[in-house]
């Protein structure tokens with residue numbers, strides 16, 4: 001899991017790809033129902049709590065502590 005960070009650690013303007021969702025099965029299921037599943041590209045619009053993220057053309061507002069279970073691989077700046 002080298003290079004993976006919790007989604008809430010991305011800064012505004014940074015992007016990444018969801019690598020894994022961890023936690024209790026009910027938590028994982030809820031997060032995945034929001035569209036945060038393995039392989040999805042995400043962008044942090046506003047960090048903090050709540051975070052605002054964009055994925056698959058949708059914008060979501062989620063409490064930062066809920067994003068601790070979403071591990072992402074940050075995109076390498078060009």
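So the values come out like this:
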{"item": "Subset of region 34-67 [surrounded by 14 or more Cβ atoms within 10 Å (Cβ to Cβ), in contact (Cβ under 8 Å) with a residue 24 or more places away in the chain and within 17 Å of residue 4 (Cα to Cα)]", "result": "36, 42, 43, 44, 64, 66, 67"}
{"item": "Region 1-33: number of residues that are surrounded by 13 or more Cβ atoms within 10 Å (Cβ to Cβ), assigned to a loop (DSSP other than H, G, I, E, B) and touching a strand residue (DSSP E or B) at 6+ places or on another chain (Cβ under 6 Å)", "result": "3"}
{"item": "Only one of 39, 48, 13 that is at positive phi and modelled with pLDDT under 90", "result": "48"}
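The values are calculated or read from the model by the stated rules, or taken from the named source; none is laboratory data. What you see is a predicted model, and the numbers here were worked out from it, not measured in a lab. Every residue, glycine among them, receives a Cβ derived from its backbone with ideal geometry; neighbour counts consider all protein chains shown.
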